[in-house]
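Some notes on the structure that comes next.
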Amino acid sequence: MGFKAVAPPNKSLKLFLMQEVFMFRKIFFISISILLLLAAASCAPKHVKMPSFPDADINKHLAELANVSALDAVLSLEYEKGNTLMNGDASLTISENHIDLKVYYLGFLAGYIKENNGVITASQKMDKNKSFLLVEGLKNSLLWWQIKDYSIEHNSDFYKLENYNRKIFLDRKTLLPSQQIIELYNGDELRISYDTPARVEEGKETSGFSHLALWYQSDMRITLNNHLLKIKIKSYSFRQE
């Protein structure tokens, strides 16, 4: 008993099959893109209009923040130096004497930098400006209230916290930082600017803290010479001593 020969598909059938495969791929990639956008939106902090606290006591607020022992955050980072641009997502745990920063690209660990009581380790060698920007820049921008031996001045718009090498400007109505300037031992300046108030997400609040203490700035720009680090906070929580 012989086998019956089957004729190859004609050109119109081949074209139809190719169109079906193309449409399937298009729908698949559109679906993946939508899922990624939804995931990113779910991680982003809720940017709602921040209430005003014109009668808040600045000293009481700083004393309350001094009880924060560590911050945990999910960040989007963008680093620029001249024509060099690098970006990625990151997880961060930070306290006064400790930093653990892990940077991811396309979901994979791309590098890390850690600091423990002044000792810095990193997954790759980096110049001192970049290292300083990541370690001291992150520490001073996020834990800004840990400034030491400062005086307070104010006008109708801002409070200014100042010591021998550091100035922090706080919006008088919100008590959130808007700008910070740190003078380094060699005369260079580390500059930090802040924007976009956000609130700690529901379920991540630390009990015992006031409503005011749950607000933070979610966008930061840190500059040192020709180095620029842009930070966007996607998730933020803190722990108490």
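Computed values, structure above
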quantity	calculated
Enumerated strands (runs of 3 or more DSSP E) restricted to region 137-241, each holding at least 2 residues that are of a type in the set (D, E, K, R) and in contact with an Asp or Glu (Cβ under 9 Å, 6 or more places away or on another chain)	158-162, 166-171, 189-199, 215-224, 227-240
Subset tally (residues that are surrounded by 13 or more Cβ atoms within 10 Å (Cβ to Cβ), part of a helix (DSSP H, G or I) and charged (D, E, K, R)) for region 93-136	2
Filtered residues of region 195-213 (kept if of a type in the set (Ser, Thr, Tyr), under 24 Å from Asn59 (Cβ atoms) and out of contact with any Phe, Trp or Tyr (no Cβ under 7 Å at 6 or more places or on another chain))	Ser207, Ser210
Residue match in region 148-160 (condition: surrounded by 17 or more Cβ atoms within 10 Å (Cβ to Cβ) and closer than 30 Å to Gly88 by Cα)	no
Filtered residues of region 195-214 (kept if polar (S, T, N, Q), out of contact with any Ser or Thr (no Cβ under 9 Å at 6 or more places or on another chain) and at pLDDT below 85)	Ser207
Complete set of residues in region 90-121 that are free of Cβ contacts under 8 Å to residues at least 40 places away in the same chain and in contact with a helix residue (DSSP H, G or I) (Cβ under 7 Å, 6 or more places away or on another chain)	Leu101, Ile113, Glu115, Ile120
Tyr112 in contact with a strand residue (DSSP E or B) (Cβ under 6 Å, 6 or more places away or on another chain), over 22 Å from Ile231 (Cα atoms) and of a type outside the set (Val, Ile, Thr)	no
Matching entry among Ser52, Ser42 (being at pLDDT below 90 and surrounded by fewer than 11 Cβ atoms within 10 Å (Cβ to Cβ))	Ser42
Any pair with Cβ under 9 angstrom, 6 or more apart, that starts in region 141-157 at a residue that is among the polar types (S, T, N, Q) and ends at one that is assigned to a loop (DSSP other than H, G, I, E, B)	Gln146/Ala66; Gln146/Glu96; Ser151/Asn163; Asn155/Arg172; Ser156/Arg172
Qualifying positions in region 125-166 - under 22 Å from the mean Cα position of the chain (by Cα) and over 16 Å from Glu96 (Cβ atoms)	Met126, Asp127, Lys128, Asn129, Lys130, Ser131, Phe132, Leu133, Leu134
Matching option when the condition is out of contact with any helix residue (DSSP H, G or I) (no Cβ under 6 Å at 6 or more places or on another chain), more than 21 Å from Ala63 (Cα to Cα) and among the β-branched types (Val, Ile, Thr), among Ile192, Ile222, Ile152, Ile231	Ile231
Qualifying residue in region 56-64 (condition: closer than 18 Å to Lys139 by Cβ, part of a loop (DSSP other than H, G, I, E, B) and in contact (Cβ under 8 Å) with a residue 12 or more places away in the chain)	no
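The values are calculated or read from the model by the stated rules, or taken from the named source; none is laboratory data. Treat the numbers as computed from the prediction; the structure is a model and nothing was measured. Neighbour counts are summed over all protein chains in view; Cβ atoms, including those assigned to glycine, are modelled from backbone coordinates with ideal geometry.
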